[in-house]
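J.: I'd like to ask you about the structure that follows.
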Amino acid sequence: MGWAGPSRPNRTDELGRLSLSRDCGKCGAAAVAVAGGLGLCGECFRAHLFGKFKLAVTSNAMVRPTDSLLLAFSGGPASRVALQFIHEMRSKAIESWDASNSQALPVFGIGVAFVDESIMCSKPKDEIEMAIEDIKSIVSGLSAGVKAMHIAPLEDVFSTESEDGEGRLKEAVDMIGDDTGREDFLRCLRMLSLQKIAMGNGYTKIMLGSCASVIACHVLSATVKGQGYSLPADVQYVDTRWEVPVILPLRDCLAQELTLLCELDSLKTQQYLNSLSNGINSLVASFIERLREENPSREHTIVRTAQKLKPFSFNKFSADGYHDFLPSRLRPKFQKVDSDESTFSETLCLICGSPFSESELQNLEGTKHKAQKNIDLHTAHCCQSCNFQIIPSSENLNEHFFSLLPKLWTKRVDTISASHSLLRPNLVIFPCFQMAAIGDPAGQLALVHEEEQYTSGHCKANSRVTMKF
Amino acid sequence: MHLTLEFGGGLELLLEKSIKMHKVDVQPIDGQEKVMMKGLLSWVKSNLIKERPEMFLKGDSVRPGVLVLINDCDWELCGGLDAELEEKDVVVFISTLHGVL
């Protein structure tokens, strides 16, 4: 990274840190934003972020011309930028299409989904309605290009033919004693809601605005929660373990950068419905904020380190359906069609979708052979982390809990248990990584990998997780 | 000195009636000729923040995770705490929340 010849020398402040030149490092205009250690003008800053987005989309072949994309919009800055950028990419694709001689290939379509979780927050009804109207107007404010907007109340995933979802959702959430467990449960329901919207409306991909900061938080909080085995599944560009595959094009952008872009470009956001976070997740977020004080690129460091863990087979698209559109330079990004890699063989947790580790698989196999009650089978289909922080501990309670859960989740147990065996003869056993995050006196954050048998949930005495402040 | 202050990303909840935009008149601290960012921060703490000041300030500066813009420019490029403010400047404070964005 070189300087494009700033016109005035850099000064150091009292702490000995280089203060930034006020000229854009790329074009020399007046700098307004800091990115990658460089001062950038508004245009170059915007181009910097759009460049990252576009690179993520193209180099991971995220969007095919025939795709119908559902953008998950939360109202916050990151998903607002994702909405803006994908809309722009589409507008440019339309222009090329208009201008091209052969219009054989179509241009992808975009829809927007907003999961309305207001039932879980205790704010005044009229203010909630205003916030949702705001969200609608933000989306409709984009010029034609978004074909539909879907607003789905979270409780809909709990609805059955006879019953309204609201009561069931609230009852289920009330049964979860752990603050973090409750938050994570709601997050899983959010994904289920998005999947339901996508499946019901013919979308082929779901685009999330998850940025580097959110992913860094997830890396550390998953480590703390003992979810080290499944962690790589959640932090890649592509996640195809769901009915509708999920893509994360903003994975390389920081929350701070995205917030700044919204401000500079007057991209309206609506965050009134955000709820306060109380548990491990917010503690980790505060920790990362403090790390940023010393070095703004900490979040990138964390994500880069987590990238060293081997992703799962479902973190790549299968080549089916891509033949016609796939340039040869992108083929390595896809699962090999002729190898076992392309058959999806992972068992996933009923609730959070985490791939099962060896011990969880063995537990499940064992339970299937001797299960007396359905409840044993249900808990065995959940990962150890969900068993620890979400599922009520007493047997009476947990049977009732499962009866409340969305049928989209629990019906899977009945179909799976009725059929095939889980272990293939050539099953590859993935080593389980626990990561110890250590901040040393020099301020270097190092993530150290240790191979260890996956043992249990949160921070038990023998778990090798330490965070030094 | 007349300034326009804006609060966003949730910071407005710390202010009276969650009002986001404030037109204020700030005097330099005794002895000083100009209003510096440092002085503005303590003025905001005393006059605008109604609750949980630790969500906005840490020591002399803003809490980590709070973005500060002076006239649409990152304050790091304007001198940070030592930035000198001028009449009619617009200062924006935004919290960059983690979680689902």
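All of the numbers you see were taken from the coordinates with simple rules; none came from a lab. All figures in this text were calculated on a predicted structure; none of them were measured in a lab. For neighbour counting, all protein chains shown are included, and Cβ atoms are generated from backbone atoms with ideal geometry for every residue, glycine included.
J.: Just for chain B, what percent of DSSP beta bridges are antiparallel, to the closest 5?
T.: Values: 15 of 20 bridges.
Antiparallel bridges: around 75 percent, rounded to the nearest 5.
J.: Hey, fewest Cβ within 10 Å first, where do B:Met36, A:Met199, A:Met62 land in order? List each step's numbers first, then the result.
T.: Numbers: B:Met36 18, A:Met199 14, A:Met62 21.
Final ranking by Cβ density, sparse to dense: A:Met199, B:Met36, A:Met62.
J.: Further, regarding this structure: State whether the stretch B:2-95 is rounded, prolate or oblate according to the following rule on the C-alpha gyration tensor (a ≥ b ≥ c being the square roots of its eigenvalues): a/c under 1.5 gives rounded; otherwise a/b larger than b/c gives prolate, and the remaining case gives oblate. Don't jump to the answer; show the numbers that get you there.
T.: Details: a/c = 1.42, a/b = 1.31, b/c = 1.08.
Taking the square roots of the gyration eigenvalues as a ≥ b ≥ c, the stretch B:2-95 is rounded.
J.: Okay, next question. Could you state the angle between the C-alpha long axis of helix B:37-47 and the longest principal axis of the C-alpha atoms of chain B, as a value from 0 to 90 degrees rounded to the nearest 10?
T.: With rounding to tens, the tilt is 60 degrees.
J.: So which of A:Lys205/A:Lys373; A:Lys373/A:Lys407; A:Lys54/A:Lys205 end up more than 27 Å apart, counting from Cα to Cα? Let's see the in-between values first.
T.: Values: A:Lys205/A:Lys373 37 Å; A:Lys373/A:Lys407 18 Å; A:Lys54/A:Lys205 16 Å.
The pairs that break the limit, which is 27 Å between Cα atoms, are A:Lys205/A:Lys373.
J.: Can you tally the net charge around B:Met1? Count Lys and Arg as +1, Asp and Glu as -1, for every other residue whose Cβ sits under 15 Å from the Cβ of B:Met1.
T.: Around B:Met1, the surrounding residues sum to -3.
J.: Moving on. Place a +1 charge on the Cβ of each Lys and Arg in the stretch A:98-168 and a -1 charge on the Cβ of each Asp and Glu, then give the dipole magnitude about the Cα centre in debye, rounded to the nearest 20. Walk me through the numbers on the way to the answer.
T.: On the way: 5 positive and 14 negative charges, 87 e Å.
The calculation lands at about 420 debye.
J.: Separation of the stretch A:21-81 and the stretch A:102-123 by C-alpha centroid, Å?
T.: 20
J.: Now a separate question. Could you sort out which of A:Lys268/B:Lys20; B:Lys23/B:Lys45; A:Lys196/A:Lys370; A:Lys125/A:Lys170; A:Lys136/B:Lys88 sit more than 25 Å apart by Cα distance in this structure?
T.: Working: A:Lys268/B:Lys20 14 Å; B:Lys23/B:Lys45 15 Å; A:Lys196/A:Lys370 34 Å; A:Lys125/A:Lys170 17 Å; A:Lys136/B:Lys88 34 Å.
Listed pairs above 25 Å: A:Lys196/A:Lys370; A:Lys136/B:Lys88.
J.: List the pairs from A:Lys52/A:Lys310; A:Lys310/A:Lys333; B:Lys17/B:Lys50; A:Lys52/A:Lys316 whose alpha-carbon separation is above 21 Å, in the order I gave them.
T.: Numbers: A:Lys52/A:Lys310 23 Å; A:Lys310/A:Lys333 14 Å; B:Lys17/B:Lys50 10 Å; A:Lys52/A:Lys316 19 Å.
Among A:Lys52/A:Lys310; A:Lys310/A:Lys333; B:Lys17/B:Lys50; A:Lys52/A:Lys316, the Cα-Cα distance tops 21 Å for A:Lys52/A:Lys310.
J.: Is the stretch A:347-415 best put as rounded, prolate or oblate by its Cα gyration tensor, with a ≥ b ≥ c the root eigenvalues, rounded for a/c under 1.5, and otherwise prolate when a/b is larger than b/c, oblate when not? Intermediate results must be reported in sequence, preceding the final value.
T.: Numbers: a/c = 1.31, a/b = 1.20, b/c = 1.09.
Rounded is the answer for the stretch A:347-415, as its axis ratio a/c remains below 1.5.
J.: Cβ under 11 Å from A:Thr367's Cβ, A:Thr367 left aside: what net charge do those residues give with Lys, Arg +1 and Asp, Glu -1? Don't skip to the end; give the middle numbers.
T.: Working: positive: A:Lys368, A:Lys370, A:Lys373; negative: A:Glu360, A:Glu365, A:Asp376.
Local charge sum for A:Thr367: 0.
J.: Further, regarding this structure: Taking the Cα centre of the stretch A:61-335 as the origin, how large is its charge dipole in debye, to the nearest 20, when only Lys and Arg (+1) and Asp and Glu (-1) carry charge on their Cβ atoms?
T.: Numbers: 29 positive and 36 negative charges, 271 e Å.
Dipole size: approximately 1300 debye.
J.: Next question. Can you sort A:Lys333, A:Lys52, A:Lys411 from fewest to most other Cβ atoms within 10 Å of each residue's own Cβ?
T.: Details: A:Lys333 16, A:Lys52 19, A:Lys411 10.
So the ranking, lowest neighbour count to highest, is A:Lys411, A:Lys333, A:Lys52.
J.: Mind checking B:60-69 for the average number of partner chain beta-carbons within 10 Å of each residue's beta-carbon?
T.: Working: counts 0, 1, 0, 4, 9, 11, 2, 6, 0, 5.
Average neighbour count from other chains, rounded to a whole number: 4.
J.: Net charge near A:Ala33: determine it from the other residues with C-beta under 12 Å of the C-beta of A:Ala33, scoring Lys and Arg +1 and Asp and Glu -1. If you can, show how the numbers build up before the last one.
T.: Details: positive: A:Arg22, A:Lys26, A:Arg46; negative: A:Glu43, A:Glu257, A:Glu263, A:Asp265, B:Asp72, B:Asp74, B:Glu76.
Surrounding charge for A:Ala33 is -4.
J.: Continuing with this model, one more query. With no solvent and one point on each alpha carbon, what is the Debye value of log10 I(q)/I(0) for the stretch A:97-186 at q = 0.14, 0.19 Å⁻¹?
T.: Once normalised to I(0) and log-transformed, intensities are -0.71, -1.01.
J.: Please work out whether the stretch A:61-335 counts as rounded, prolate or oblate from its C-alpha gyration tensor, where a ≥ b ≥ c are the square roots of the eigenvalues and a/c under 1.5 means rounded, while otherwise a/b larger than b/c means prolate and anything else oblate?
T.: On the way: a/c = 1.43, a/b = 1.19, b/c = 1.20.
It comes out rounded by the Cα gyration axes.
J.: Within a 10 angstrom radius of the beta carbon, how do B:Asp60, A:Asp178 rank from fewest other beta carbons to most? Provide the component values of the computation, followed by the final result.
T.: Values: B:Asp60 10, A:Asp178 15.
Listed from fewest to most nearby Cβ atoms, that is B:Asp60, A:Asp178.
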